[in-house]
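Heads up: the structure comes next, in structure tokens.
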Amino acid sequence: MKWIRKIVEKYGKKESGLIPILQDVQKIKGYLPEEGISDIAAELKIPIARVYSLATFYKAFRLIPRGRHSIHVCLGTACHVRGGAKIMDRLEQDLGVRSGETTQDGRFTVESVRCVGCCGLAPVVVIDDDFHGKLNQKKVIQVLKKYE
Amino acid sequence: MAITLKIDNKEIKAKTGMSVLEAARQADIYIPTLCHHPQLNPSGSCRLCIVEIKGVRGYPTACTIPAEEGMVVQTNTQRLRSLRCQILELILSEHPYTCLVCDKREGCDEWMGTIRKVGITTSCQTCPKSGACELQNLVQYLGIEEIAFPINYRGYPVEQKDPFFDRDYNLCILCGRCVRVCNEVRYNGTLNFHYRGDRTVVGTAFGKSHLEVGCAFCGACVDVCPTGALAGKADKWEGCSEQTQHSICPYCAVGCSLDYHLRGNRIIKSVPAQGKSPNQGQVCVRGRFAVADLVNHPTRLKKPLVKRNKQWIETSWEEALDRIAEQFVRYRGDGFGLVVSPNNTVEDAYVLQKFGRVAMQSRHLAVSSPFAHSRWVDSLVEIEKIHPPHTVTLGDIDQASLILVWGGDLSVSHPIAALRVKQAVHRGAKLIVIDPRKTKLAELADMHLQPNPVDDSLLLSGLMKLIFENRSDPSLSGPQSPEWNDLTNKLKKVNLSLIEEKTGIPRNQMEELVDLLFHHQRILILVGSGLALQASASNGLFGLFNLSVVLKHAKMVPIVGESNLAGCLEMGCMSGLLPGLISVNEESARKKFEKSWGLSIQGERSYDFTELVQQIEGGKIKTLYVTGEIPPTDILKKCHYIVVQSVFRPEWADWADVLLPAAHPAEIDGTVVNFEKRLQRLRRIHRQTGLSKPDWWICSQIAQKMGFSGFSYKKSSDILNEIHSIVPRYSGLIPSKIKEKGLFLLDFKSNQKKKSCSIFHFDVAIRNHEKPKGYPYTLIIDVGISHFRNASLIEKVSGMERIGSEGKVEIHPKDAERLHVSTGECVQIKSNNGFQFEGPVIVTDRIPQKSLYLLLDKKSPHVLECFKGNIHFVKIKKVADDSDCR
């Protein structure tokens, strides 16, 4: 693919540029598609398994598509005490996914985090870049409606 | 440079560049290792080879630290032992280790047969490596009895879907040997580490099967695995080998050194012999996984069979030989044809041709190889006569700075030669590939020219013209022979733009190639089957030879054919060619043979293999004696009498009269000649299956029964001695000197006059290869060599059918779209001269548009037509009902 060739060339068509190449591809696609990985390998003339090895080593790289919006449920100490786990349960039930997964319609990806640094608002859920505090099981469902 | 260091209070001499581990091993000091392997770069990942070095902080790994002058090393202190134990215990906590620390293991050898109720990979009884496991040895060495860490059983499913080897990554200790051998030695890049931490696992990209990711199944990973994680399907449960024996792989012209592993009297597997020429410890899928299966195959011919009332009756050798002798006496003379297998040994070939020429008084001899056609063999012989070439070995590939691979897919036909090319490229050599197809090697090439198929002489003319005319290099004006002037004059008339048009290669690419050729000092030209099968093969070969002469520093060698094709031709298994590549027309030489053989020899070239088979139809050949393979053809039923002598029963056995069981190369002593013209020794390492006998024995018995003297050989070395005494070229051969490395035939050739820098007649004429109307596709035919005598490995060895593409038609995606076919669907091909083929397609962009590629199995009934090299233009259509498609 042309756009992949451009990215590969941007980093000098060298294996040492593999990490930034993968980052750029992920920025555009939201994840690392299989064809993308094969194309990068072909452009760099290195084995696909080598690229795959790097892509699976770093947690920052994703091999499966992400939802349009990411939900981070805080399960840090304060949020845990204030019922963060219950919020997670509710989200998992309502969206039909488990932590780390993406909904079938590609709308949300649900993940847990340990403290987002605003324990006064516990329990907290971060959706994309918005912080939502003092939530409960009902409120969190209401909040989701804002994100399509 | 030598250095001195002290290991365990012992003064040791070592060479600079050696690691501490290598220095210690050389002085017989044992340091335990797991990830180290002599073929691989050190990785220092298992940490078992830690040592203490005076003045060095911590515990460096001996495999990665270079030995230095005056170093003081301790390898076995209390502290090191305890650290090693902990390291091994950590490794073992992830490896099912019941067998390693089992308190009953003392009695294990005695009670080996006990079945235990344990899970699949937790028991010594179900680990295929038991007895040969490096972990077992280490646990014993370090005296580990208990493991302090909690067990982490990883619970991976055992991967069994691929052919040839299974993978149980629960047993993997992540030493990385397989990953390194796959990437650093074989350059396949199939395997790598994936994920990280305690989830790290070795595998293929996206967890696909090895078949899907294009694994070559060379088995190098299996051979380096220290545990039972990787194990060959066929040899997995055969138990530990009891002895190993060295011999030569029977499949292709590279002639790899193999170690056969035996248990009792059974060959359980074959592995590459470490550090031995020519293959240097590497081997391909055929040598690794297809040898034992064939020797032990249940359908081997075991007893002589004669036909009585259309029924095959088992009989004794005595009776079978009597019957044959009786019949053969009646058919002496020109009605007799002999077909020798290119897998026969030198000794077999010599005795067979002597039998045909002397006892049967016939001149119709042929080797059943697609490459034993007269246009190819004659030009090879001529080159060798007029300009005795130097030996070109696989080692020359390592030395070359520029490698030109002309025609053919070496990675399929001769994978170990291709591997050496790959290794050279990774070391910095330039690679030019000339082939219409995008072969595996072409993917690595610095330059890949894809000339229109049919005739490579065209491109050669263009290149030669550019070299001769556009260069004022004084070194080119050298020899002024008539041939040289003739060629110069002819090249003047060559029209480059016409060549551009016909070959489809633009002038600037040709110039670029010529530039590369001029800039390199060590050039090696490897000629593959692509050129050898062309109608103009002879002209192409001469052209390439001329190119190598003109380029001064270039060497050229064809890498084509089966294991002993070169040896069979050397022994004169071709009409008109006597042993030692002497033409029958050479009166004095012929007389010499006649004198020592005691009978006159029928002269004159008659037919090559294809022609010989066709002559049966014309009624000229009435009797056949076949040790090779003839594809099933109706023509054969016209024969009055056919004796087949082989390892397996041919498909067309109905038309044969006697079937004789021949021994497998692992069951005989003898010699073979590979493409380097290296005479290699085959060893008898297995008892002969059933009543099977060496081919030379059978043949000489028939001759004796017919009443001919001069066939009373007791053992194969008697024959080699006879060759040594009567074939001029072999007068320098001392049979006892053929050691494991073999001997190069060209090194002891007789005192032939060497004309310096002579070149050959090369035809620059542009023959008309216009596509006839209605036949828009060009067909490229190649013949696969997954074959041994009359056995197809694809049929006999489980798994081979899944990796080969024999009998399939490759087509470009755009053409496939036009025809509405997809991979696996059936097509029909028809040529303008009557050739017809039906088979499934593979849609791939390896092949250019408007071209088709067909790799034929040697057994395919179409093979005979294809040997002629005149099928070029075809039409193709989809077969609607694909139920008949294989």
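The values are calculated or read from the model by the stated rules, or taken from the named source; none is laboratory data. Just so it is clear, the structure is predicted and the values come from calculations on it, not from any experiment. Cβ atoms come from the backbone with ideal geometry, glycine included; neighbour counts cover every protein chain shown. Remember, those area values only see protein heavy atoms, side chains included, never the ligands or the DNA or RNA. Shrake-Rupley method; radii C 1.70, N 1.55, O 1.52, S 1.80 Å.
Couple of notes before you dig in:
- The residues packed around B:L682, meaning those with a beta-carbon under 11 Å from its beta-carbon, carry a net charge of -1 if Lys and Arg are +1 and Asp and Glu are -1.
- Only protein heavy atoms count here, probed at 1.4 Å, and on that basis chains A and B bury about 1200 Å² of accessible area in total.
- The loop-placed trypsin sites (Lys or Arg not before Pro) in segment B:543-648, going by DSSP, include none that has at most 10 neighbouring Cβ atoms within 10 Å of its Cβ.
- For segment B:777-884, the Cβ-based charge dipole about the Cα centre amounts to some 300 debye (Lys, Arg positive; Asp, Glu negative; other atoms uncharged).
- Entry for chain B at q = 0.10 Å⁻¹: log10 I(q)/I(0) = -1.20, Debye formula applied to identical alpha-carbon scatterers, no solvent contribution.
- With the whole protein complex present, B:V412 retains an accessible surface near 80 Å², based on a 1.4 Å probe.
- List of segment B:148-196 residues, accessible area with partners at least 30 Å² below that of the chain alone (1.4 Å probe): B:G189, B:N192, B:H194, B:Y195, B:R196
- Candidate cross-link partners of B:K637 among the lysines, defined by an alpha-carbon separation under 24 Å and a same-chain spacing of 8 or more, comprise B:K303, B:K307, B:K310, B:K620, B:K622, B:K858, B:K859, B:K868.
- Spacing of the two label points (7 Å from each Cα toward its C-beta) at B:N495 and A:Y11, in nm: 5.2 nm
- If R0 is taken as 25 Å, the Cβ-Cβ distance between B:T844 and A:K2 corresponds to a FRET efficiency of 0.70.
- Here's the list of lysines a cross-link from B:K502 could span, going by alpha-carbon distance under 19 Å and ignoring same-chain residues fewer than 8 apart: B:K465, B:K490, B:K492, B:K493, B:K771, B:K773, B:K850.
- Put a plus charge on the Cβ of each Lys and Arg, a minus charge on the Cβ of each Asp and Glu, and nothing anywhere else: the dipole of segment A:6-148 about its Cα centre is then about 360 debye.
- Folded to 0 to 90 degrees: helix B:507-519 orientation relative to chain B principal axis, Cα: 60 degrees
- Atom-type composition of the exposed protein surface of segment B:234-295 places 41 percent of the accessible area on carbon and sulfur (1.4 angstrom probe).
- Nearest 10 degrees, 0 to 90: helix B:374-386 Cα axis against chain B principal axis: 80 degrees
- Within the straight-line cut-off of under 17 Å between alpha carbons, the aspartates and glutamates reachable from B:K302 are B:D293, B:E314, B:E318, B:E319, B:E651, B:D657, B:E667, B:D695, sequence neighbours fewer than 8 places apart in one chain being disregarded.
- Cβ-defined net charge surrounding B:T633, 15 Å radius [Lys, Arg +1; Asp, Glu -1]: -3
- For segment B:307-324, putting each phi into the Karplus relation 6.51 cos²θ - 1.76 cosθ + 1.60 with θ = phi - 60° gives couplings of 9, 10, 6, 6, 10, 7, 10, 5, 8, 8, 4, 3, 5, 4, 5, 4, 4, 4 Hz, in residue order, rounded to whole numbers and with x for Gly and Pro.
- For B:L402, the accessible area of its heavy atoms, probed at 1.4 Å with every protein chain present, is near 0 square angstrom.
- Gain on full stretching of the segment that runs from B:E617 to B:Y153 - 0.36 nm per residue minus C-alpha separation: 160.2 nm
- Heavy-atom SASA rank of B:M18, B:M360 (probe 1.4 Å, accessible area, largest first): B:M18, B:M360
- Between the helical axis of B:587-597 and the longest alpha-carbon principal axis of chain B there is an angle of about 60 degrees.
- Think of it this way: in chain A, A:C115, A:C118, A:C119 stand alone, with no other Cys Cβ under 4.7 Å.
- When all alpha carbon pairs of the protein assembly as shown are counted in 10 Å bins from zero, the resulting P(r) reads 2, 9, 16, 20, 19, 15, 10, 5, 2, 1, 0, 0 %.
- Projecting the Cα positions of B:Q688, B:I29, B:A320 onto the charge dipole of the protein assembly as shown (unit charges on Cβ atoms of Lys, Arg, Asp and Glu, taken about the Cα centre) puts B:I29 furthest along the positive direction.
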